[in-house]
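Written out below as structure tokens is the structure these notes cover.
The values are calculated or read from the model by the stated rules, or taken from the named source; none is laboratory data. Every value quoted in this text rests on a predicted model; they were computed, and no experiment measured them. Here the Cβ is made from the backbone with ideal geometry for all residues, glycine too, and neighbour counts use every protein chain on show.
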Amino acid sequence: LAKTTQPISMDSYEGQEVNITCSHNNIATNDYITWYQQFPSQGPRFIIQGYKTKVTNEVASLFIPADRKSSTLSLPRVSLSDTAVYYCLVGDLYSGGYQKVTFGTGTKLQVIP
Amino acid sequence: DGGITQSPKYLFRKEGQNVTLSCEQNLNHDAMYWYRQDPGQGLRLIYYSQIVNDFQKGDIAEGYSVSREKKESFPLTVTSAQKNPTAFYLCASSIERDSDYGYTFGSGTRLTVV
């Protein structure tokens, strides 16, 4: 399983775009990149998933360069309610690779009024 | 609505007592997982199960036990052998193949041992 590295914490003002980068140098060919969001005392919830290039949904965008050794979660115009911990996970969807996936410490995003 | 239900949300137990945390899912997911989270820390895998009547130890299985008698249920027992059981426990499930969303998590059980 690919090891991931993220910044421990980030601060941002309301209304700004936030970009959180995750490094995964040992990503395998079949691995997908998935981001989760966790609020205090709640379980993590799925935000976005991608394999390569760019993926966008109603919540965020995910940018993946051609070498796939990193990925960037982009949150447009953050609000106070986006204050949470964000986890980057890398795993193989199609061979049961999500077993024993390790959630690191994630990136704690603090949005400031 | 489909989802994962963990109960209770808060649990208090005396030191030395075993306690069982409930996890039920109606998503028809094959795999289920238990994670432990300590303050300011990430999630650590305790046990996981890919099919009924089978489960595997995760990274911190000592002091814990599980069962998987039904596809929908994956209870976790925190035994008296667990040295520091006070933590936030999260249950999750996933489809083994063709999963678009990876894990679905429950809302967690906060266990406090006094």
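When the residues of the range B:83-98 are filtered to those that are out of contact with any Lys or Arg (no Cβ under 9 Å at 6 or more places or on another chain) and surrounded by fewer than 22 Cβ atoms within 10 Å (Cβ to Cβ), which remaining residue is modelled with the lowest pLDDT? Give the steps one after another, and end with the answer.
Filtering the range B:83-98 for residues out of contact with any Lys or Arg (no Cβ under 9 Å at 6 or more places or on another chain) gives B:83-84, B:91-98.
Then keep just the ones that are surrounded by fewer than 22 Cβ atoms within 10 Å (Cβ to Cβ); that gives B:83-84, B:95-98.
Values: B:83: 89, B:84: 92, B:95: 76, B:96: 61, B:97: 56, B:98: 50.
Residue satisfying both the conditions and the ranking: B:98.
Filter the range A:1-50 down to the residues that are of a type in the set (Phe, Trp, Tyr) and more than 24 Å from residue A:69 (Cβ to Cβ), then identify the one that is surrounded by the fewest Cβ atoms within 10 Å (Cβ to Cβ).
Let us first name the residues in the range A:1-50 that are of a type in the set (Phe, Trp, Tyr), namely A:13, A:32, A:35-36, A:39, A:46.
From what is left, the residues that are more than 24 Å from residue A:69 (Cβ to Cβ) are A:13, A:39.
Details: A:13: 10, A:39: 13.
Taking the candidates together, the pick is A:13.
In the range B:13-49, which residues are within 9 Å of chain A (Cβ to nearest Cβ) and surrounded by 19 or more Cβ atoms within 10 Å (Cβ to Cβ)?
Listed by number, the residues that qualify are B:31, B:33, B:35, B:37, B:43, B:45, B:48.
Scan (1) closer than 24 Å to residue B:49 by Cα; (2) in a strand (DSSP E or B) for the single condition residue A:105 breaks and write down its number.
All conditions are met except number (2).
Conditions (1) among the polar types (S, T, N, Q); (2) assigned to a strand (DSSP E or B); (3) in contact with a Pro (Cβ under 9 Å, 6 or more places away or on another chain), marked per residue:
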{"residue": "A:12", "(1), (2), (3)": "yes, yes, no"}
{"residue": "A:21", "(1), (2), (3)": "yes, yes, yes"}
{"residue": "A:36", "(1), (2), (3)": "no, yes, yes"}
{"residue": "A:46", "(1), (2), (3)": "no, yes, no"}
{"residue": "A:63", "(1), (2), (3)": "no, yes, no"}
{"residue": "A:66", "(1), (2), (3)": "no, no, no"}
{"residue": "A:81", "(1), (2), (3)": "yes, no, no"}
{"residue": "A:91", "(1), (2), (3)": "no, yes, no"}
